[in-house]
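Chemist: Questions regarding the structure given below will be posed in turn.
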Amino acid sequence: MLKISLDKLDELFEAISASQTLYIPADREDGSAEYRKYESGMKLSSALNTVRSAKDFFFPQTENLVDFKMEGKNIEVIDIRKESEDFVIFGVRACDARSFTILDKVFLAEPVDSYYKTRREHGTVVTMACTRPSETCFCGVFGIDATAPEGDAACWSDGESIFFEAHNDKGQKFIDSISSLLEEGDTAKLEETREKTRAILKKLPLAGLSTESFGGDRMMEHFNSEKWGELSESCLGCGTCTFVCPTCQCYDIKDFNTGHGIKRFRCWDSCMYSDFTKMAHGNPRLTQLERFRQRFMHKLVYFPANNNGEFGCVGCGRCLSKCPISMNIVKVMKALEVK
Amino acid sequence: MQRIGVFVCHCGTNIAATVDVKTVAETLGHEPGVVISQDYQYMCSESGQNLVKNAIKEHNLTGIVICSCSPRMHENTFRKAAAAAGLNPYLVEIANIREQCSWIHKDIATATDKAIILGKAAVAKVHLNAPLTAGESPVAKRALVIGGGIAGIQTALDIAEAGFDVDIVEKQPTIGGKMAQIDKTFPTLDCAACILTPKMVEASQNEHITIHSFSEVTDVKGFVGNFTVTIKKKARYVDETKCTGCGLCTEKCPMKKVPNEFNMGLDNRTAVYIPFAQAVPKVATIDPNYCMMLKNGKCGVCSKVCSVGAIDYKQQDRFIEQKYGAIVVATGFNPIKLDKYDEFAYNQCPDVVTSLELERLMNAAGPNGGTLLRPSDKTHPHKIVFVQCVGSRCDDSKGKPYCSKICCMYTAKHAMLIREKYPDTEVYVFYIDVRTPGKNFDEFYRRAVEQYNVHYIKGMVGKVTPRSDGKIDVQASDLLANEQLHIDADMVVLAAAIEPDKTARPLATMLTTQMDTNDFFTEAHPKLRPVESATAGIFLSGACQGPKDIPETVAQASAAAAKAIGLLVKNSITCNPCVAHSNELMCNGCSSCEKVCPYGAITYEDKEFRMPDRTTAIRRVASVNPAVCQGCGACTVACPSGAMDLNGFSNSQIMAEVDAICK
Amino acid sequence: MQEAMINRAKQLLADGTVNRVIGWKRGEFVYDVTPAIFETAEELDAEFVYDDFTAANVSKYLVKESRKEGKILAFLKPCDTYSFNQLTKEHRVVRDNVYIIGIPGGPKLDAEKIKAKGITGILGAKNDNGTLVIDTLYGEEKMPYYEALSTKCESCKSKKHVVYDELIGEDGDVLESNRFDMVEKLENMSAQERYDFWREQLSKCIRCNACRNVCPACTCEKCVFDNPDSGVENKAPADSFEENMFHIIRAFHVAGRCTDCGECSRVCPQNIPLHLLNRKFIKDINSLYGNYQAGEDTTSRAPLNDYKTDDCEASIVHERGVE
Amino acid sequence: MQVNENKEFEPLIVAFCCNWCSYAGADLSGTNRLNYPTNVKIIRVPCSCRVNPMFILRAFQRGADGVILCGCHPGDCHYTSGNYFTRRRMTLLFSMLDFLGIERDRTRVEWVSAAEGAKFAATMNEFTEAVKKLGPNRRLEDLRCRKQ
């Protein structure tokens, strides 16, 4: 298996960023991590994962779609899409990697979202296997193996070196592009590390969580559950869970009048917001209970119902650590579990 | 879709000389919503207005923009024109391209650009203008005058003269106020009673005037045009309707040791009393604090001697409620208490008196029947020292920061009267400054100095010490001669500062009017609206607004009356439609707006609402009274949710202007 | 403490004084407690928790709860009582429908602070006099207790309860806090430095509205930023301006009303020190118009709804030293 | 922001003027033909207390380089107390903008009475100069609104 020694990491990043834009998880002064455009000297974060998920790369929070120019009373439509360049996202975790396949189901299904598609085509996802999962992790529950992440290419660290493996042509192209820096390496120690990690994964407090009770066939049962009231009573109706979630894909389209033209842009929206999907007749979900229910029904029931059993959650645990009042999908699953 | 007309005025060459009006009209014609854009020589002229009117009809315009002189100049002209053409007058906007463009700029190119931008801003705004209709609210044709001093009496008489009913509320048993206690008036030296009492009688006899003596205002509701006021008629234990004021009860009353407040406590009255001979109403009042009958049920002499059976020991306070269109405040003043001024020995020595006490001492109806005698030993004083500015113009907490204004003149008057009547009496006046502005005032003062040889000494009295021999040692400094003086006086008269009556502050709260830190009522505008309070329908008369002498007081009293009449003659008041209004669905009921409203125009009510989440809830929401709101907009910014907005200057309108200008 | 609270709550439920209790509910982990409403003794026994991690300020929930049928029991920490008082003052809560038990605050911990130390897999945490001993998936970890304190507790302003029906434990005093130190530090920077600092911070904003929705002063029926008619509504900061705009206006709207409870910073998923904006206003108000603590009472006039004729002019800002 | 022929930076100044004093003052400087730069564009409001901080930020967002607020002198407010509230609001707002590192001299409050036409012109000249020195507003603008 091809590897590169950890102390050569800088060279690797330099090499990649020489040919295309490279994004890596980097540490912020407050100890948390975020994806940053690689610049010389930048260090790979040791944190388990970034606060914001990697979905921004393909589905940014705000995105200009089209412009309108207004001359007096005439309006002209301007296509502002630019030829987007290739880029590499390095160090994506298994959970986030899976989130892309979920987003694909939404944006690449007919009608295809061309904005998303171009980004997806130009982006190479290089994943990094987990070695120190956190108590909030439960990707295993959704059949994700943190030690065998998906992505165009994957890599593993054994504490000394990083090992590479391509999952498709794009991934192979990536590895070829850096092959000069790579060498064949012995994976014995790596196997050890992976074993250790697997052992930890089994011990995770949320490992026992089950998706048994969920999926399309239990729709009305869950929809009518009387648990929602209690679960949602303390929900603030903020969008934190939605915005840190790697799979949430709802957006709103707005026009912004710049004074000399109109910019039509889309931005993330949250089903937790009071004015979500507000229509001419008003708002379909008037209470926080309904909005709250919508979010979890979508992830645990509607999504699988429409995507042959695939759940809309990857167990990254971001909402667990970020919800201001610590209400989250795990608590919901446990409450709604059908014994 | 809006159909907006733009009309650019040349104003002869005033605008056209520096602004290319044709280009302005042409460019604005391309703005969204603009269907016609014209320029004309004089837009405000008859033919100019017709041009506008016709365009409105012809293109059935939904709004018009006039690029011309300042809206302060012709906004009304064009609003009228619009109205005449059937367009709501508030769908008119003015772009000020004269005062704020052509007149201040020289370069035609840039001036024209600016004119265009100002025009665009106006167009952007008019897009959002809403037709407004001025509300109307009825006016109750009755006035209330609070305070029955000379100010109140004068105001009441003038209002009654105009044919409107007016009520006077006076907390004392009689009207007349301070002036009734005064002996003579400056600068004419005619007797106060001789000019006041006829007015008092006139007031009592005027069919339009109702006097509520011995009464107080306890509650005020409503707003300009329809105030509802609760008046407490305190029990006087005498039936006003029966009492003839014969005074027999007062002669027979056994309780004769009651300090007589009318004579500043310098002599005594009986428990049942009539303040003074010319009191109006001339009705007896029983003082419950001293009356044996009321205190312990023994006596009852007065009821025995009263031939008409007016005495009623069972009488209770009565409350009456009355509607008024206008309220005039005339609560007057009082001399400050001098307890804090030990240096003047006011509390130690009976012969140290205030000027008002001196008035009584010299008054023919006073304790000594008009002969000036020392309160202590009833002897004739030969040396009298007057001390000015006692508590006035002083920065410490003991006194008042302001000048009491009347002291200089009445002291000159006192000095003169004493020298006139008792030429053998020497009079000294210690002053900081002598302030005698006013018609014939300075001449008056000079007469005191020059003809009557009153010793005016610039300097302050340091200490007043009563001596065992009955004399009073006055220690003072003469600043001009720069020497310390000792005067052994027989009497010392202190010109105590005057302050607003204590009842003023609670009253101000009831009326939601403003007061300054000295508790004087604040006028709506110091120059332009000196006799109106900031609260519509409430007017100010006399010393409650600031220290005044009698001529000024009477002048202001009549001015306040005129203002009140101006309001009362209207059957209804048209309100300015550019007022605030709250969106009840967004209102939090937090009271921020109410706190910043200078007019008390905002009230709250609990209303039931159907909430977004289908539940119904009782919510506290603000509502603005359009009759009271003056449209300043303070509330709109105090309101965090933006529930409060202002007609004619709405958030969206102003932001549209900003956007247009910053384009 | 927790026992005493549960017992008293049960009594009050039993004797009918209240029909609900608002407090905190045990979570999945040691740290993820959730504000919750309890209606029975059983629920209380089973799930009620009050410990080092119950930092959430429950006073805002009372805006809705106090309008419901029957009286609710609320356990308020000192800082929470200020929020509650402010809400009472603004007629947002119905005082009579709330039975308040004042409870000692005690510093609260923030799991984020622990994680920031690189400690993951947190299974348990206890205070071993001054040292926080954390049991993790990867063995035991130790860190100084105070370094795990929630930011809002690092500079506690008061341990006094400004409103309560009864107290459990002692009432404390208003404290001399160092809460303005950071504001001062920033004030002493150059304009450029300040600008860079806030760009760095505010550019992290993802506009999740957590700060607003948790804020006890932000109880508007309809927030201007959610109201399409307001002209400033937006769902995401599409431009750095909108990041600034949102936080400036939000801070301004709560100026003179913010009790400095620190919830905004506690809940920010991006760890933006939002409380500094509010503290800047508080500091200015104190120094320019005299000390004012929002929520201290229910009668005083809010600084922005008040004035003195001799207030300083706005130019005082321009006269300040550092530019 | 506008750029004229010789490419010298010409700031855009938005001036909010209260109807009773400052707007009249501005008219007076017109009547007296007292010049001040065309950069200044006036928006009429009933009282300075009508000006919401949002309006000021809005102006900067849309490309204003300076915003000045004019009202009656304290004590002379047509509505008795409006400008007192303005004074507190703007002091705090400006202080906050300063705190965020936005140039102080882009904002100002000035009391101009209806009689002070000269003062109005002088103020506007002075303010425009001050803003000119600062250059274009970059720290509080919305890039989407910048003119291409």
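Chemist: Find the helices (runs of 4 or more DSSP H) located wholly in the range C:1-112 whose residues include 2 or more that are within 16 Å of C:C261 (Cβ to Cβ), and list them.
Modeler: C:61-65, C:78-89
Chemist: Considering the range A:270-310 alone, what residues qualify as being among the β-branched types (V, I, T) and assigned to a helix (DSSP H, G or I)?
Modeler: A:V301
Chemist: If the Cβ limit is 7 Å and pairs must be 6+ apart or interchain, which residue in the range C:83-103 that is closer than 15 Å to B:V621 by Cα pairs with which residue that is hydrophobic (A, V, I, L, M, F, W, C) and crowded, with 18+ Cβ neighbours inside 10 Å?
Modeler: Taking only residues 6 or more apart or on different chains, the pairs are C:E90/B:C590; C:H91/B:C590; C:R92/B:C590; C:V93/C:L62; C:V93/C:F84; C:V93/C:L87.
Chemist: Go through C:I22, C:I72, C:I100 for me and flag whichever is more than 14 Å from chain A (Cβ to nearest Cβ), crowded, with 19+ Cβ neighbours inside 10 Å and more than 19 Å from C:C153 (Cα to Cα). Let's see the steps before the verdict.
Modeler: Numbers: C:I22 fails: more than 14 Å from chain A (Cβ to nearest Cβ); C:I72 fails: more than 14 Å from chain A (Cβ to nearest Cβ).
Every option except C:I100 fails the conditions.
Chemist: Let me ask something else. Within the range B:378-402, can you find the residues that are touching a Cys at 6+ places or on another chain (Cβ under 8 Å) and not in a strand (DSSP E or B)?
Modeler: Passing the criteria: B:S392, B:R393, B:K400, B:P401.
Chemist: All but one of (1) over 27 Å from A:I253 (Cβ atoms); (2) part of a loop (DSSP other than H, G, I, E, B); (3) of a type outside the set (A, V, I, L, M, F, W, C) hold for A:S321; state the number of the condition that does not hold.
Modeler: Checking A:S321 against (1) over 27 Å from A:I253 (Cβ atoms); (2) part of a loop (DSSP other than H, G, I, E, B); (3) of a type outside the set (A, V, I, L, M, F, W, C), the one that fails is (2).
Chemist: Then there is this: For the range A:103-128, what are the residues that are aliphatic (A, V, I, L, M) and surrounded by fewer than 19 Cβ atoms within 10 Å (Cβ to Cβ)? Give the derivation first.
Modeler: Narrowing the range A:103-128 to residues aliphatic (A, V, I, L, M): A:103, A:106, A:108-109, A:112, A:125-126, A:128.
Selection gives A:V106, A:L108, A:A109, A:V112.
Chemist: If you don't mind, there's one more thing I want to ask. Residues of the range A:300-327 being among the small types (G, A, S) and either touching a Leu at 6+ places or on another chain (Cβ under 9 Å) or farther than 19 Å from A:S232 by Cα (or both), which ones?
Modeler: A:A305, A:G309, A:G312, A:G315, A:G317, A:S326
Chemist: Now, a different point. Assuming D:K41 fulfils every condition listed in (1) within 14 Å of chain C (Cβ to nearest Cβ); (2) surrounded by fewer than 23 Cβ atoms within 10 Å (Cβ to Cβ); (3) basic (K, R) apart from one, which condition is it?
Modeler: The failed condition is (1).
Chemist: If you don't mind, there's one more thing I want to ask. Identify the residue in the range D:135-148 that is within 11 Å of another protein chain (Cβ to nearest Cβ) and surrounded by fewer than 19 Cβ atoms within 10 Å (Cβ to Cβ) and, among all such residues, is nearest to D:R104 (Cα to Cα).
Modeler: Step one: filter the range D:135-148 for residues within 11 Å of another protein chain (Cβ to nearest Cβ), giving D:137-148.
If we keep only those that are surrounded by fewer than 19 Cβ atoms within 10 Å (Cβ to Cβ) as well, we get D:138, D:143, D:146-148.
Values: D:R138: 13, D:L143: 21, D:R146: 21, D:K147: 24, D:Q148: 27 Å.
This residue is D:R138.
Chemist: Same structure, new question: Which of the residues spanning the range B:637-663 are farther than 14 Å from B:K125 by Cβ and part of a loop (DSSP other than H, G, I, E, B)?
Modeler: Of everything in the range B:637-663, those that are farther than 14 Å from B:K125 by Cβ and part of a loop (DSSP other than H, G, I, E, B) turn out to be B:C639, B:P640, B:S641, B:G642, B:A643.
Chemist: Out of C:L123, C:L132, I need the residue that is assigned to a strand (DSSP E or B), of a type in the set (A, V, I, L, M, F, W, C), in contact with a Phe, Trp or Tyr (Cβ under 7 Å, 6 or more places away or on another chain) and not assigned by TED's automatic domain parsing to the domain that holds C:Q2. Which one? Let's see the steps before the verdict.
Modeler: On the way: C:L123 fails: in contact with a Phe, Trp or Tyr (Cβ under 7 Å, 6 or more places away or on another chain).
Selected residue: C:L132, the only one of C:L123, C:L132 that is assigned to a strand (DSSP E or B), of a type in the set (A, V, I, L, M, F, W, C), in contact with a Phe, Trp or Tyr (Cβ under 7 Å, 6 or more places away or on another chain) and not assigned by TED's automatic domain parsing to the domain that holds C:Q2.
Chemist: Can you name every one of the strands (runs of 3 or more DSSP E) wholly within the range B:291-374 that holds 1 or more residues which are of a type in the set (A, V, I, L, M) and within 30 Å of B:G391 (Cα to Cα)?
Modeler: On the way: elements: B:318-324, B:326-329, B:333-335, B:352-354.
Per the criteria, B:326-329, B:352-354.
Chemist: Among the candidates C:C264, C:C218, which residue alone is surrounded by 23 or more Cβ atoms within 10 Å (Cβ to Cβ) and touching a residue at least 24 places away in the same chain (Cβ under 8 Å)?
Modeler: On the way: C:C218 fails: surrounded by 23 or more Cβ atoms within 10 Å (Cβ to Cβ).
Answer to the selection: C:C264.
Chemist: Filter the range B:487-518 for residues that are closer than 23 Å to C:Y307 by Cα and among the charged types (D, E, K, R); which is modelled with the highest pLDDT?
Modeler: Filtering the range B:487-518 down to residues closer than 23 Å to C:Y307 by Cα leaves B:504-518.
From what is left, the residues that are among the charged types (D, E, K, R) are B:505, B:516.
On the way: B:R505: 86, B:D516: 81.
Taking the candidates together, the pick is B:R505.
Chemist: Any residue in the range A:3-26 that is touching a strand residue (DSSP E or B) at 6+ places or on another chain (Cβ under 7 Å), surrounded by fewer than 18 Cβ atoms within 10 Å (Cβ to Cβ) and without any contact (Cβ under 8 Å) to a residue 60 or more places away in the chain? Explain how you work it out, then say what you get.
Modeler: First, the residues of the range A:3-26 that are touching a strand residue (DSSP E or B) at 6+ places or on another chain (Cβ under 7 Å): A:3-6, A:12-13, A:16, A:20-26.
Next, only the ones that are surrounded by fewer than 18 Cβ atoms within 10 Å (Cβ to Cβ) stay: A:5-6, A:20-21.
Retained after the next criterion (residues that are without any contact (Cβ under 8 Å) to a residue 60 or more places away in the chain): none.
There is no residue in the range A:3-26 that is touching a strand residue (DSSP E or B) at 6+ places or on another chain (Cβ under 7 Å), surrounded by fewer than 18 Cβ atoms within 10 Å (Cβ to Cβ) and without any contact (Cβ under 8 Å) to a residue 60 or more places away in the chain.
Chemist: List the residue pairs whose Cβ atoms are under 6 Å apart, where the first residue sits in the range C:237-251 and is at the interface with another protein chain (Cβ under 7 Å from one of its Cβ atoms) and under 18 Å from D:P53 (Cβ atoms), the second is aliphatic (A, V, I, L, M) and surrounded by 23 or more Cβ atoms within 10 Å (Cβ to Cβ), and the two are 6 or more positions apart or on different chains.
Modeler: What qualifies is C:M245/D:L57; C:A251/C:L277.
Chemist: Continuing with the same structure: Mind listing whichever residues of the range B:509-522 are aliphatic (A, V, I, L, M) and touching a residue at least 40 places away in the same chain (Cβ under 8 Å)? Don't jump to the end; show me each part of the working.
Modeler: Applying the first criterion (aliphatic (A, V, I, L, M)) to the range B:509-522 yields B:510-511, B:515.
Matches in the range B:509-522: B:M510, B:L511.
Chemist: With respect to the numbered conditions (1) touching a residue at least 60 places away in the same chain (Cβ under 8 Å); (2) touching a Leu at 6+ places or on another chain (Cβ under 9 Å), which one is the sole condition not fulfilled by B:V554?
Modeler: Here B:V554 meets the rest and fails (2).
Chemist: Please go through the range B:95-116 and give me each residue that is crowded, with 22+ Cβ neighbours inside 10 Å and within 20 Å of B:A656 (Cα to Cα), ordered by number. Spell out how you get there, then give the answer.
Modeler: Here is the first cut: in the range B:95-116, the residues crowded, with 22+ Cβ neighbours inside 10 Å are B:95-105, B:111-112, B:114-116.
Those that are crowded, with 22+ Cβ neighbours inside 10 Å and within 20 Å of B:A656 (Cα to Cα): B:A95, B:N96, B:I97, B:Q100, B:K114, B:A115, B:I116.
Chemist: Taking the stated definitions as given, is C:P269 within 10 Å of chain A (Cβ to nearest Cβ), touching a helix residue (DSSP H, G or I) at 6+ places or on another chain (Cβ under 9 Å) and under 17 Å from C:V183 (Cβ atoms)? Even if it seems obvious, please write down each step before you answer.
Modeler: Numbers: within 10 Å of chain A (Cβ to nearest Cβ): yes; touching a helix residue (DSSP H, G or I) at 6+ places or on another chain (Cβ under 9 Å): yes; under 17 Å from C:V183 (Cβ atoms): no.
Taking the combined requirement at face value, the residue does not satisfy it.
Chemist: Those residues that are under 19 Å from C:L288 (Cα atoms), more than 7 Å from every other protein chain (Cβ to nearest Cβ) and assigned to a helix (DSSP H, G or I), I need them from the range D:92-117; list them, please.
Modeler: Listed by number, the list holds a single entry, D:L97.
Chemist: Would you check which residues across the range D:51-91 are basic (K, R), at the interface with chain B (Cβ under 8 Å from one of its Cβ atoms), in a helix (DSSP H, G or I) and more than 14 Å from the chain's Cα centre (by Cα) and list them?
Modeler: Our first condition is that a residue be basic (K, R); within the range D:51-91, this holds for D:58, D:62, D:87-89.
Checking the rest, the ones that are also at the interface with chain B (Cβ under 8 Å from one of its Cβ atoms) come to D:58, D:62, D:89.
Next cut, in a helix (DSSP H, G or I) only: D:58, D:89.
Matches in the range D:51-91: D:R89 only.
Chemist: Return yes when A:N49 is of a type in the set (S, T, N, Q) and touching a Lys or Arg at 6+ places or on another chain (Cβ under 6 Å) and no when it is not. Explain how you work it out, then say what you get.
Modeler: Details: of a type in the set (S, T, N, Q): yes; touching a Lys or Arg at 6+ places or on another chain (Cβ under 6 Å): yes.
Against the criterion (of a type in the set (S, T, N, Q) and touching a Lys or Arg at 6+ places or on another chain (Cβ under 6 Å)), A:N49 qualifies.
Chemist: Looking only at the range C:165-182, decide whether some residue is assigned to a loop (DSSP other than H, G, I, E, B), among the hydrophobic types (A, V, I, L, M, F, W, C) and within 14 Å of chain D (Cβ to nearest Cβ).
Modeler: Our first condition is that a residue be assigned to a loop (DSSP other than H, G, I, E, B); within the range C:165-182, this holds for C:165, C:168-173, C:175-180.
Checking which are among the hydrophobic types (A, V, I, L, M, F, W, C) leaves us with C:168, C:175, C:180.
Right, trim to within 14 Å of chain D (Cβ to nearest Cβ) and you get C:180.
Taking every residue of the range C:165-182 in turn, at least one turns out to be assigned to a loop (DSSP other than H, G, I, E, B), among the hydrophobic types (A, V, I, L, M, F, W, C) and within 14 Å of chain D (Cβ to nearest Cβ).
Chemist: In the range B:173-180, is there at least one residue being farther than 28 Å from B:I565 by Cβ, in contact (Cβ under 8 Å) with a residue 40 or more places away in the chain and buried (at least 18 other Cβ atoms within 10 Å of the Cβ)?
Modeler: Yes: one or more hits.
Chemist: Ok, one more. Among the candidates B:E532, B:E523, single out the residue that is within 14 Å of chain D (Cβ to nearest Cβ) and out of contact with any Phe, Trp or Tyr (no Cβ under 7 Å at 6 or more places or on another chain). Spell out how you get there, then give the answer.
Modeler: Numbers: B:E532 fails: out of contact with any Phe, Trp or Tyr (no Cβ under 7 Å at 6 or more places or on another chain).
Among B:E532, B:E523, only B:E523 is within 14 Å of chain D (Cβ to nearest Cβ) and out of contact with any Phe, Trp or Tyr (no Cβ under 7 Å at 6 or more places or on another chain).
Chemist: Residues in the range A:279-293: is at least one surrounded by fewer than 22 Cβ atoms within 10 Å (Cβ to Cβ), more than 19 Å from A:W228 (Cβ to Cβ) and at the interface with chain C (Cβ under 10 Å from one of its Cβ atoms)?
Modeler: Narrowing the range A:279-293 to residues surrounded by fewer than 22 Cβ atoms within 10 Å (Cβ to Cβ): A:279-290.
From the residues that got through so far, the ones that are more than 19 Å from A:W228 (Cβ to Cβ) too are A:279-282.
Filter once more, keeping what is at the interface with chain C (Cβ under 10 Å from one of its Cβ atoms): none.
Among the residues of the range A:279-293, not one is surrounded by fewer than 22 Cβ atoms within 10 Å (Cβ to Cβ), more than 19 Å from A:W228 (Cβ to Cβ) and at the interface with chain C (Cβ under 10 Å from one of its Cβ atoms), which makes the answer no.
The values are calculated or read from the model by the stated rules, or taken from the named source; none is laboratory data. Here the structure is a predicted model, which means the values were calculated and not measured. Glycine also receives a Cβ, built like all others from the backbone with ideal geometry; neighbour counts cover every protein chain displayed.
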